[in-house]
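S.K.: Let me begin by handing over the structure; questions about it come next.
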Amino acid sequence: MTAATAPSDVGGVPHPPPAGLSGAPAAPPEADVVALVSTCQAGAVSEPGGTELSATLRRIERAAGALATASVSRMDETLPWFRELPADQRSWVMLVAQAGVRSLVQWLHGGGGTTDSTQEVSDEVFATAPQALARSITLQQTVALIKVTIDVVEEQVSHLAAKGEEQQLREAVLRFSREIAFAAARVYARAAESRGSWDARLQALLVDALLRGDSPDVLASRAAALGWADAPPVSVAVGRSPGGEVAAVLHTVYRQARRIGVEVIGGVHGDRLVIVLGGAADPVAATEKLLPAFGDGPVVVGPGVPSLDEATESARAALAGFRAAPAWPTAPRPVAAADLLPERALAGDAEARRRLRHDVYATLVRAGGELLETLDAFFAAGGTLESAARSLFVHPNTVRYRLRRIAEVTGFSPLAARDAFALQVALTVGRLDPVFPAVTTVPTQTMTPAVRKTSQTGDDRR
């Protein structure tokens, strides 16, 4: 793009952009930097009205509007994403460009960076635009604007500078562009810090709403503000916080989550670290890869649910499991909340008691009296198959078959110590209830594969 000749009046310059719209290219070699500093300190740009750049400054002031227009025009020609910006954002870019030209003149009048007001002058360029612009245009896109702007400035220096001042203006623009680059970095840094602090507070509120069991509308609105994609399944993991700054703890969580490709929302509540995972096909396996973010002690993972709206169920199960986990010292880490059903029931978790009563005890009752009778005899005999067979007056193979049948319908094998404990607690809970309720099917998302198998078997028999 070639500029029209304007040796004495630059009011009609078609392309020159403001150096203040954006930042600068790489710094010049050391020798050039020394020459630039020497030139500026010698008074070439420090005294308004009597300096060597006085005529050039007047030209730049008269050409401010044309410079901004030319800069934005070049952006529109060379940057496809810039053409797609809404009209209001494009107008804000134009205002920033005009502010950049004014700041360049002010900067040159003030000594060309030799005074303490350099940062203040460069920051004024971006003070013109609203903070929303920094969120609409990324730092990478700002760098692209910088490159386009500097290219156009270099093309138009000969038209903006008075005779013999071309080199001085070019060096001054490069130096000012460096200050603008620093100003842009400060703008984005402040925006990132503000956004980060707001996101941290919003995530803490969202996690708190999950733990309190707030309405799905509250969860959905806060999740939408955070940009949560709600990729299923969604589950909640609870463990002990490692301590220290909350921001540092959550940074570890997010870094690990990015590595494994899952969505997370985290929060520290007291001494507990609560993490909401989305898009992890196996939440327990995903949580295992996030263990470096947790402190010592058990880490419990709630069941997967279809969306964040239903994540309160997962959070309740995970919290109940976390409270009951000390009763199982050898539990794996992490452990599924469903694997802690007996401990949760003994700790007073109503949901765990319901699961054991409906999905285990009631299933055995429906399956036939011989299974429940055989299980009682097996436990009474101390887990000895032959003794149980003698007390039932049946062949040991019959007892062996019934025990296999119990494992099929409940998902718990009486021959495994851990499963036998769960079955004993289920029998106790089922018999303590004064009323034997009708068996209902628990939603698939809140059940382990073994318990789902139990419910399906019971439905088939019914």
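S.K.: What does DSSP give for the stretch 233-352 in terms of the percent of beta bridges that are antiparallel, rounded to the nearest 5?
M.R.: 90
S.K.: Sequence gap at least 6, Cα distance under 8 Å: using those rules, report the relative contact order of the stretch 275-321 to the nearest whole percent.
M.R.: The normalised contact order for the stretch 275-321 reaches 28 percent.
S.K.: Apply the Debye scattering formula to the stretch 230-376, with a single equal point scatterer on each alpha-carbon and no solvent, then give log10 I(q)/I(0) at q = 0.08, 0.12, 0.18 Å⁻¹.
M.R.: Once normalised to I(0) and log-transformed, intensities are -0.25, -0.51, -0.98.
S.K.: I'd like the accessible area for Tyr188, computed on protein heavy atoms only with a 1.4 Å probe and all protein chains in place. Round to 10 Å², please.
M.R.: 40
S.K.: Provide Leu392, Leu341 ordered by accessible surface of protein heavy atoms (probe 1.4 Å), highest first. Mind dumping the intermediate values first?
M.R.: Working: Leu392 30, Leu341 5 Å².
Ranked list, largest accessible area first: Leu392, Leu341.
S.K.: Shifting gears a bit: Protein chains only, probe 1.4 Å: how do Asp282, Asp349 rank by accessible area, largest first?
M.R.: Asp282, Asp349
S.K.: Counting alpha carbon pairs within less than 8 Å and at least 6 residues apart, what relative contact order, in whole percent, applies to the stretch 357-434?
M.R.: Result for the stretch 357-434 is 32 percent.
The values are calculated or read from the model by the stated rules, or taken from the named source; none is laboratory data. Computed from a predicted structure; not experimentally measured. Ligands, DNA and RNA are stripped out before the accessible areas are found, and what is left, the full protein with its side chains, is counted by its heavy atoms. Shrake-Rupley method; radii C 1.70, N 1.55, O 1.52, S 1.80 Å.
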